[in-house]
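Rule-based calculations on the coordinates, nothing more; no lab input. Everything quoted here is computed from the prediction, not taken from an experiment. When we count neighbours, we look across all protein chains shown, and the Cβ atoms used for this are built from the backbone with ideal geometry, even at glycine.
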Amino acid sequence: MPNLVILLLQIGAILVTARIAGILFRAFGQPQVVGEMIAGIALGPSLFGWLAPHAFVSLFPASSLGELYVLSQIGLLLFMFLVGLEFDPEALRGRGEAAFLTSHVSITAPYLLGAGLALYLYPRLSADNVPFYQFALFMGASMSVTAFPVLARILHERQWHQTRLGSVAIACAAVDDVTAWCLLAYIVALVRASQGAHRPWVTLLGLTVYLVVMVIAGRTVLRGILSRFTRTGRVDDDLLAVILLLLVASAVTTEWLGIHLLFGAFFFGAMLPKSRPFVEALVGRIEALATVLLLPIFFAFTGLRTSIGLIHGSAMWVFFLLVVFVAMAGKLAGATVAGRVSGLSWSEASVVGALMNTRGLMELILLNIGLDLGVISPALFSMLVLMAIVTTFMATPLIGWIAPAGLSAGRTPLADPASQPG
């Protein structure tokens, strides 16, 4: 069959599987993204390829995966742009000691534990050509990620976003996302420099120029965008075209500098005006295409790269359980203890810890980058993908079990920032 026909059949199969899985998991109180992640795994060699190998090879021949990869990257580009767009630094002000301490501990604790775990896993799961420091840096980053969109969706579904606890969790997740992506940008630049793809001084100088242009010169353009929206009251086709063109330019620049195109997409979104009507109008123009069509393609592409069969033998499953344990201990325990120390009750702090333990799509993005760079092996990639699904899946039932009764009923008001500790 022609490649276009195969691609259309692949997209059809991905959409049907993702929607069915999303609806089923939503019916059981899980975020839809959990179902979509599992649907992606089910379409890969771990299930579809195992149950019907001939049909799997016919639908997903190796020669056709390049087109799926391109579509998945466009989806990630738009998604990271939306994450940056909805990141508002002003929303972090006045969150008190709880948000400040919890966010930093929920990054530092899992990062150190992940780097420590690398000491044990490096001789067992890493390739000989990967330096230990790269492996350790990446393992730390993979343990530190929190899925801000999943966390925000859980809070809104339970109507907790106007509570003090929800406020703390949102602030912590936002700080986590920004810190994790800055760390990832550093790791990617470091790995590419060591591989001879980019010279470090070119990356450093170019990044400095990029940031100066974006922060200083770019503000004039961004003010013009907001002014155009204020006059018309909508994001029309011309304005959307300008924004997408600038998004592409930012992404191409950071990719050329040796960081990653997703960093440029995130940073451009973060730099755009945070007027709520503007953000909502722009999200409304882009979100459906990204989340309904393109992100399920990314989940499927990730599933095609994930093979649970690589985790064979008791030793490999012990490694997997160790990865899950360290991931949970760093995020769940670290954030819980920090929240309690900063003034939350044990039950409130535990809810924050459970929310911070969700990894979801953000983790899958990071893992695919690590696999593309050759920092992690296919076996470890599969383990970490399963870890991301497990930790995201367990958040909803865990929260339902430990949430304070008043919070579950939506009666815990958002505390005045002045009354918060610190």
field: For the range 243-259 and the range 153-214, distance of Cα centres in Å
entry: 15
- line: Per the charge dipole of the range 3-415 (beta-carbon charges, Lys/Arg positive, Asp/Glu negative, Cα centre), the residue among 22, 200, 402 reaching farthest to the positive end is 402
- line: Along the dipole axis of the chain (charges at Cβ: +1 for Lys and Arg, -1 for Asp and Glu; origin at the Cα centre), the most positive-end residue among 275, 368, 140 is 275
task: Can you bin the range 252-311 into rounded, prolate or oblate? Criterion: square roots of the alpha carbon gyration tensor eigenvalues sorted a ≥ b ≥ c, rounded for a/c under 1.5, prolate for a/b above b/c, oblate for the rest.
output: oblate
query: With springs only between Cα atoms under 10 Å, which of 149, 110, 397 fluctuates most in a Gaussian network model of the chain?
result: 397
message: What are the equivalent ellipsoid semi-axes of the chain, built from the alpha-carbon gyration tensor (square roots of five times its eigenvalues), in whole angstrom, biggest first?
response: 30, 28, 24
Estimated FRET transfer efficiency (residue 194, residue 52; beta-carbon r; R0 45 Å; 0.05): 0.60
field: Label-point separation in nm, residue 289 to residue 248, each point 7 Å along Cα→Cβ
entry: 1.1
statement: For the range 111-117, Karplus-derived ³J(HN,Hα) couplings (6.51, -1.76, 1.60; θ = phi - 60°; whole Hz; x for glycine and proline) come out as 5, 5, 5, x, 5, x, 4
- prompt: What nm value, rounded to one decimal, do you get for the distance between residue 276 and residue 16 when each label is placed 7 Å out toward the C-beta?
  reply: 4.2
